[in-house]
Amino acid sequence: MTDRMNHSEALVARLAGAVVLVVGDLILDRFVDGRVDRLSSEAPIPVLVEGAERRMPGGAGNVARNLAALGATVRITGVVGEDADGEVLKKALHEAAGDGARPVSDAARTTTGKTRFVAGGQQLLRVDREDKRPIAGPVQASLIAAIGDLAPGAGAVVLSDYGNGVLTPAVIAAAREAARAAGVPLVVDPKGRDFTRYGGADLVTPNRAQLHDASGMATDSQAEVVAAATALREAAGVGAVLATLGGDGMVLVAGDRSSGAPHVSAWPAEAREVFDVSGAGDTVVAALAAGLAAGVELETAIGLANTAAGLVVAKVGTAVVRPDELIAGLTGGPGRPAGAASADKVLAADALVERVERWRRQGLRVAFTNGCFDLIHPGHVSVLAQARAAADRLIVGLNTDASVRRLKGAGRPLQEEGARAQVLAAFADVDAVGLFDEDTPVALIERLRPDVLVKGADYRPEDVPGREEVESWGGRLLLVAIEPGFSTTGLARKASGLTRTETSA
């Protein structure tokens, strides 16, 4: 197990050295969460009471998000409209790729957007706003120029095609020539029936439906998938076809086309749970391209992509996979129920949000409490138990060391934040731990939107940070009984007195 862990860590660490250029359709994904309590009196449809809205890059932008999450250096270009959504999307792309983001603005174009309305973890409706006209003129010229500027030094080039008119024949040709000039692979996430437009690409990654449409052949069995991929590879003039088959895994058809029988490899699906397949293909392409750009062999890179796909479909929305998750997936780490191991519980804010969304999709209620938890005592244990009893899952917000020093003074904390988080995560009543650096957990609470906010009964309701926010989305504050006679400050003073006595003796 240790050798496997070391190998996986080394493999994933190589991704941080990858540089990948992504060219394609830029989309702004919106997820509007709410609740449904009744049907409309106007028609037999549910009435969604709107709650939080999340916005993130989709399409080629989601490929970039996944690459950045894996630690790779991202370069990305595409087209956005000169509208409010375009500004939001450009800002998000710069957050993922920094100076490597070169979106081209088109005043005559509407920024492509997909809005999903969600209640109880289920999508009720998706509304698309798009302009599928092929780009041309100065906009196309600017995009081709951006490809030329961004390609040198990249280890792989990705075409992310969502059929929204950005990947014209001229743009595809420019990307193909840029990849050839750099001596790096061109990977295509395709769209449509005509794959000859991708001729010269090193690898295309159709799903089952795309493979069927493009080849005109049956794709129900693995043998049929191999036959369709072989025919498509020959007809389109591409180096290899990786068919992504959802629950049936992946099949690669590769090898020298002139040598007769192709080389065929297959990977079984690794998903333990499937909650949402939105953007899963983007994750596959990102992990695959990052591996190739890092110099990993093709089949090893596909193995990485297959594991990443199995992880991302267990999340909600257009999500990403991070290095620690990928390492755990490669070594069989995750898949244990949340709370089974403390290492699975201490999460960064983004990962914590994803976990909460997943719990909500399962219909679970979430409680939140917070504190410094410098020295765990029976009072803490009682509060944690009561908090956990108030909901299906409990998140503990933990002050960072810097936050504790501001609140408690220079001599605190007595234990550094990693040790405090590890102790909390060892409690069966605690399902997740998230650190916050502010004096109060309000910002973290706003991101997590718990159903129940829990504090000790020594607080007055009006003095509890986050109460107003939680009540604003229909949650509630719960003040729980505290064990008298216990405090971290008192224990620290007592320990300090004993130390002085021992020293003087």
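The values are calculated or read from the model by the stated rules, or taken from the named source; none is laboratory data. Predicted, not measured: the structure shown is a model, and the values here were computed from it. For neighbour counting, all protein chains shown are included, and Cβ atoms are generated from backbone atoms with ideal geometry for every residue, glycine included. Note: areas computed on protein heavy atoms with side chains; ligands, DNA, RNA excluded. Shrake-Rupley method; radii C 1.70, N 1.55, O 1.52, S 1.80 Å.
Per-structure values
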{"quantity": "Number of the condition not met by Val433 [criteria: (1) among the aliphatic types (A, V, I, L, M); (2) open to solvent by less than 40 Å² (accessible area, probe 1.4 Å); (3) modelled with pLDDT under 95]", "calculated": "(3)"}
{"quantity": "Those residues of the stretch 160-173 which are surrounded by 21 or more Cβ atoms within 10 Å (Cβ to Cβ) and outside any helix (DSSP H, G or I), in sequence order", "calculated": "Ser160, Asp161, Tyr162, Asn164, Val166, Leu167"}
{"quantity": "Hey, Ala231 in contact (Cβ under 8 Å) with a residue 12 or more places away in the chain and closer than 20 Å to Val158 by Cβ or not", "calculated": "no"}
{"quantity": "Residue satisfying all of: in the stretch 233-248; in contact with a strand residue (DSSP E or B) (Cβ under 8 Å, 6 or more places away or on another chain) and closer than 22 Å to Arg180 by Cα; surrounded by the most Cβ atoms within 10 Å (Cβ to Cβ) among these", "calculated": "Val241"}
{"quantity": "Any hit, the stretch 180-187, residues being at pLDDT 95 or above, outside any strand (DSSP E or B) and crowded, with 24+ Cβ neighbours inside 10 Å", "calculated": "no"}
{"quantity": "Yes/no for Arg176 being out of contact with any helix residue (DSSP H, G or I) (no Cβ under 6 Å at 6 or more places or on another chain), modelled with pLDDT of 95 or more and either surrounded by fewer than 18 Cβ atoms within 10 Å (Cβ to Cβ) or of a type in the set (Phe, Trp, Tyr) (or both)", "calculated": "no"}
{"quantity": "Residue ID - most open to solvent (accessible area, probe 1.4 Å), chosen from residues in the stretch 280-320 that are more than 13 Å from Ala69 (Cβ to Cβ) and outside any helix (DSSP H, G or I)", "calculated": "Glu297"}
{"quantity": "Tally of residues being under 18 Å from Val470 (Cα atoms), part of a helix (DSSP H, G or I) and open to solvent by 20 Å² or more (accessible area, probe 1.4 Å) across the stretch 354-374", "calculated": "2"}
{"quantity": "Residue pairs meeting the criteria (Cβ under 7 Å; at least 6 apart or on separate chains; first free of Cβ contacts under 8 Å to residues at least 60 places away in the same chain and over 20 Å from Asp25 (Cα atoms), in the stretch 43-72; second of a type in the set (D, E, K, R) and part of a strand (DSSP E or B))", "calculated": "Val47/Arg38; Val49/Arg35; Val49/Asp37; Glu53/Arg30"}
{"quantity": "Only one of Val74, Val79, Val32, Val63 that is of a type in the set (Val, Ile, Thr), on the phi < 0 side of the Ramachandran plot and out of contact with any Asp or Glu (no Cβ under 7 Å at 6 or more places or on another chain)", "calculated": "Val74"}
{"quantity": "Some residue of the stretch 90-108 being more than 26 Å from the chain's Cα centre (by Cα) and among the basic types (Lys, Arg)", "calculated": "no"}
{"quantity": "Among (1) in contact (Cβ under 8 Å) with a residue 12 or more places away in the chain; (2) out of contact with any strand residue (DSSP E or B) (no Cβ under 8 Å at 6 or more places or on another chain); (3) of a type in the set (Asp, Glu), the one test that Glu177 misses", "calculated": "(1)"}
{"quantity": "Test: residue in the stretch 388-400 that is farther than 12 Å from Thr369 by Cα, open to solvent by less than 60 Å² (accessible area, probe 1.4 Å) and among the aliphatic types (A, V, I, L, M)", "calculated": "no"}
{"quantity": "Tabulated pairs, the stretch 419-440, first within 14 Å of Asn370 (Cα to Cα), second open to solvent by 80 Å² or more (accessible area, probe 1.4 Å) and in a helix (DSSP H, G or I), C-beta under 7 angstrom, 6+ apart or interchain", "calculated": "Asp439/Arg406; Asp439/Leu407"}
{"quantity": "Those residues of the stretch 1-57 which are charged (D, E, K, R), in a strand (DSSP E or B) and open to solvent by 90 Å² or more (accessible area, probe 1.4 Å), in sequence order", "calculated": "Arg35, Asp37, Arg38, Glu50, Arg55"}
{"quantity": "Single condition Gly335 does not satisfy, out of (1) at pLDDT 85 or above; (2) surrounded by fewer than 21 Cβ atoms within 10 Å (Cβ to Cβ)", "calculated": "(1)"}
{"quantity": "Sole exception among (1) under 20 Å from Asp350 (Cα atoms); (2) out of contact with any helix residue (DSSP H, G or I) (no Cβ under 8 Å at 6 or more places or on another chain); (3) open to solvent by 10 Å² or more (accessible area, probe 1.4 Å) for Glu438, by number", "calculated": "(2)"}
{"quantity": "Matching residues, the stretch 215-230, being on the phi < 0 side of the Ramachandran plot and open to solvent by 20 Å² or more (accessible area, probe 1.4 Å)", "calculated": "Ser215, Met217, Ala218, Asp220, Ser221, Gln222, Ala223, Glu224, Val226, Ala227, Thr230"}
{"quantity": "Selection from the stretch 188-206 of residues that are open to solvent by 60 Å² or more (accessible area, probe 1.4 Å) and outside any helix (DSSP H, G or I)", "calculated": "Lys191, Arg193, Asp194, Asp202"}
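Listed here are the residues, each with its yes/no results for (1) touching a strand residue (DSSP E or B) at 6+ places or on another chain (Cβ under 9 Å); (2) under 30 Å from Arg361 (Cβ atoms); (3) among the basic types (Lys, Arg).
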| position | (1), (2), (3) |
| --- | --- |
| Leu124 | yes, yes, no |
| Ala141 | no, no, no |
| Ile147 | yes, no, no |
| Ala151 | yes, no, no |
